[in-house]
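The block underneath contains the structure these notes are about, expressed in structure tokens.
What follows is calculated from the coordinates using simple rules that are stated; it is not laboratory data. In this text the structure is predicted, and so the values were computed from the model without any measurement. Because the Cβ atoms are built from the backbone with ideal geometry, glycine has one as well, and the counts that use them run over all protein chains shown.
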């Protein structure tokens with residue numbers, strides 16, 4: 001069960017209409033290492049991961065939905081005042097033809113989201129390493145996105161998200177150690 | 001108790017910011033405790049912050065309407081939950 005809370009996890013402000021940047025940000029909405037993939041990956045792995053780390057996957061997976069909402073807010077605010085001409089100039093002509101200004105789960109190149117982005121091996125170490133890699137890839141993407149804009153408000157929100165990837169990666173690494181420790185103990189008893 | 005959702009003003013952003021700050025502390029402590037469940041000091045900080053958070057949320061809701069759906073916040077008349085602004089609109 002999830003309960004909705006009518007607020008963002010961190011403020012999202014933009015200082016200008018910028019559909020070009022919105023097109024790139026969509027990578028973190030419906031891309032392979034984006035927030036939708038992250039949320040669904042962890043929440044799906046919860047069922048078969050050892051009890052000791054279920055809570056962590058549950059909570060990080062939940063936080064990812066808050067990040068998804070932040071990215072959506074950025075895209076919405078960056079495009080809401082754009083004309084069809086401006087969208088076309090920004091490379092969003094094909095998007096406009098199909099979706100108007102509606103958001104869609106695709107990556108920056110317009111490729112629709114697919115479940116193939118999510119790994120679920122059932123092996124706890126394999127799954128957690130997958131999760132660590134996903135966080136590091138998302139962190140790298142946020143850095144590229146920060147580098148691609150001169151909007152200080154947008155950069156502020158993106159930096160928050162970049163830092164969250166670092167914390168999640170750290171927690172997943174600790175989860176690996178917790179499971180290794182448990183595995184080690186079982187050998188002796 | 002409110003009669004209607006007040007329009008967004010400067011205090012809306014200040015209270016929202018305060019709530020986001022407290023929630024940041026809580027998310028951080030929550031994830032930390034998921035991998036460090038025996039840190040009593042962190043648990044104490046978590047519980048204290050949860051109390052503070054509750055108080056700020058009460059103040060926010062009394063001014064600007066319910067933060068949560070499905071019975072986790074009270075509503076005045078008429079039904080307040082569906083009223084704007086939504087988070088992406090502020």
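When residue B:62 is tested against (1) away from chain A (no Cβ under 12 Å); (2) touching a helix residue (DSSP H, G or I) at 6+ places or on another chain (Cβ under 7 Å), only condition (2) is not met. Across segment B:22-37, the number of residues qualifying as more than 7 Å from chain A (Cβ to nearest Cβ), assigned to a helix (DSSP H, G or I) and closer than 18 Å to residue A:178 by Cβ comes to 3.
All of (1) more than 16 Å from residue A:10 (Cα to Cα); (2) within 14 Å of the chain's Cα centre (by Cα); (3) more than 8 Å from chain A (Cβ to nearest Cβ); (4) surrounded by 13 or more Cβ atoms within 10 Å (Cβ to Cβ) hold for residue B:51 with one exception: (4).
When the residues of segment B:68-88 are filtered to those that are free of Cβ contacts under 8 Å to residues at least 12 places away in the same chain, facing chain A (nearest Cβ under 9 Å) and within 22 Å of residue A:12 (Cα to Cα), which remaining residue is surrounded by the most Cβ atoms within 10 Å (Cβ to Cβ)? Across segment B:68-88, the extreme among qualifying residues is B:87. Only helices (runs of 4 or more DSSP H) whose full extent lies in segment A:1-52 are considered here, and none of them has at least 2 residues that are away from chain B (no Cβ under 14 Å) and out of contact with any helix residue (DSSP H, G or I) (no Cβ under 9 Å at 6 or more places or on another chain).
Filtered by the rule that a residue be surrounded by 14 or more Cβ atoms within 10 Å (Cβ to Cβ) and closer than 30 Å to residue A:52 by Cβ, segment A:74-126 gives A:117, A:118, A:119, A:120, A:124.
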